[in-house]
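The values are calculated or read from the model by the stated rules, or taken from the named source; none is laboratory data. Computed from a predicted model, the values in this text were never measured in an experiment. Note that each Cβ is placed from the backbone with ideal geometry, even for glycine, and that neighbours are counted across all protein chains shown. Surface areas here come from the heavy atoms of the whole protein model, side chains and all, with no ligands, DNA or RNA. Shrake-Rupley method; radii C 1.70, N 1.55, O 1.52, S 1.80 Å.
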Amino acid sequence: MRLGALEAGGTKMVCAIGNENGDILERVSIPTETPDITMPKIIEYFKDKEIEALGVGCFGPIDLNRKSETYGYITTTPKLAWRNYNIVGVLKEALGVPVGFDTDVNGSALGEATWGITKGLENSMYITVGTGIGAGIITNGKLLHGMLHPEAGHLLMVRHPKDTYEGKCPYHKSCFEGMAAGPAIEARWGKKGVELADKKEVWEMEAYYIGQALVDYIVTLSPQRIILGGGVMHQEHMMPLVREELKRQLAGYIQTKELEDIEHYVVLPSLNDNQGIMGALKLAMDEMEYEKQ
Ligand code: ADP
Ligand code: ZN
């Protein structure tokens, strides 16, 4: 089966062809400009590829409510040219195939849960700490959507006692994303994360915020495993610090065999940075099933 996958990001659109086993046969990357410029290039790529369905993991917020008139739209994004843009409608119309749609992080969560380190678990999370912070949540074997979709990067935070940085989120200032995403690290310390590798205080503070968020996710959602991805987690010393902070801030309140084996509980992604695009393949397959019903 030939399937299309689109990872629609704020800076680039990764388009790929794959199959039902999660194999990726080919891919290209197209810069994200305005829809007028970018969408025809995406359509051109997929047009003659004989795909049976397309899956799209998309930056957000997006409308995932099938009963809504704006289902399949990118909605209130700060990227103005893409605001209220009917991305699913345009792709469906141009390609004439089923188009599955979800958030980019839900795509990554789904890729890992189908072919990666959270396979077989009914409840798991994928959190990305990069330019923004987002979380994809699988609960009782399904991606969690609810009223809109989780925006778990905007958890409100208890400030680190030594942190005087006001925070970068335009809505909440000091939420998780506002305190701990890549741009917040850069604004607080005056340098990009990669240039701060040897600054212990930077990563201790970062781990404090990530650990705090994990406590909140664990007490609310009870995931069986948590994946931490995104550029900031490329700092190799982060993972041990995060695990330690998580244990410290949970303070022994929850005791499970999963938490005792914390190296296998809070983990890095397992699919060589293909989790998002592989998740989009699964979204394509799921949409074919949905349209059959
Ligand atoms: P995006 O979130 O845009 O898809 P990434 O997940 O790569 O992309 O995140 C980019 C952010 O992560 C930037 O703010 C960058 O400064 C930060 N970042 C990337 N690599 C590292 C690194 N090795 N150490 C610390 N921060 C990093
Ligand atoms: Zn926020």
Revision key, fill the gap. The one condition Tyr126 fails out of (1) away from ligand 1 (no atom under 15 Å from the Cβ); (2) in contact with a strand residue (DSSP E or B) (Cβ under 6 Å, 6 or more places away or on another chain); (3) open to solvent by less than 50 Å² (accessible area, probe 1.4 Å); (4) at pLDDT 95 or above is (1)
Check your understanding: Are there any pairs, at least 6 apart or on different chains, whose C-beta atoms fall under 8 Å, with the first in the range 216-243 and open to solvent by less than 20 Å² (accessible area, probe 1.4 Å) and the second at pLDDT below 95, and if so, which?
Key -> none
Review point. For the subset of the range 146-188 comprising residues that are within 27 Å of Lys282 (Cβ to Cβ) and out of contact with any helix residue (DSSP H, G or I) (no Cβ under 8 Å at 6 or more places or on another chain), which member is nearest to ligand 2 (Cβ to nearest atom)?
Key: Glu151
Study note, to complete from the structure: Those residues of the range 4-26 which are within 20 Å of Gly116 (Cα to Cα) and among the small types (Gly, Ala, Ser) amount to Gly4, Ala5, Ala16, Gly18, Gly22
Point to revise | Residue in the range 65-84 that is closer than 27 Å to Asn272 by Cα and either open to solvent by less than 70 Å² (accessible area, probe 1.4 Å) or of a type in the set (Phe, Trp, Tyr) (or both) present | key: no
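Please list, ordered by residue number, the strands (runs of 3 or more DSSP E) wholly in the range 1-109 having 2 or more residues that are among the charged types (D, E, K, R) and in contact with a strand residue (DSSP E or B) (Cβ under 7 Å, 6 or more places away or on another chain).
24-31
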Revision key, fill the gap. Of (1) small (Gly, Ala, Ser); (2) within 22 Å of Ala251 (Cα to Cα); (3) within 13 Å of ligand 1 (Cβ to nearest atom), Ala181 fails just (2)
Review point. Do the conditions hold for Ala135, that is, is it surrounded by 17 or more Cβ atoms within 10 Å (Cβ to Cβ) and within 18 Å of Met239 (Cα to Cα)?
Key: yes
Exercise for review: Quick one: which helices (runs of 4 or more DSSP H) lie wholly within the range 148-249 and hold at least 1 residues that are over 19 Å from the mean Cα position of the chain (by Cα)?
Suggested key: 182-189, 200-221
Review point. In the range 189-204, what residues are surrounded by 16 or more Cβ atoms within 10 Å (Cβ to Cβ) and either in contact with a Gly (Cβ under 8 Å, 6 or more places away or on another chain) or under 17 Å from Gly230 (Cβ atoms) (or both)?
Key: Gly193, Leu196, Val202, Trp203
Study note, to complete from the structure: Only one of Val28, Val56, Val14 is more than 16 Å from ligand 2 (Cβ to nearest atom), crowded, with 21+ Cβ neighbours inside 10 Å and of a type in the set (Val, Ile, Thr), namely Val56
Check your understanding: Leu143 fails exactly one of the following numbered conditions: (1) in contact with a helix residue (DSSP H, G or I) (Cβ under 7 Å, 6 or more places away or on another chain); (2) within 15 Å of ligand 1 (Cβ to nearest atom); (3) open to solvent by 30 Å² or more (accessible area, probe 1.4 Å). What is the number of that condition?
Key -> (2)
Exercise for review: Only residues in the range 171-187 that are within 17 Å of Pro61 (Cα to Cα) and open to solvent by 10 Å² or more (accessible area, probe 1.4 Å) count as the first member; pair them with residues that are aliphatic (A, V, I, L, M) and assigned to a helix (DSSP H, G or I), Cβ under 9 angstrom, at least 6 apart or cross-chain, and list the lot.
Suggested key: Glu177/Ala184
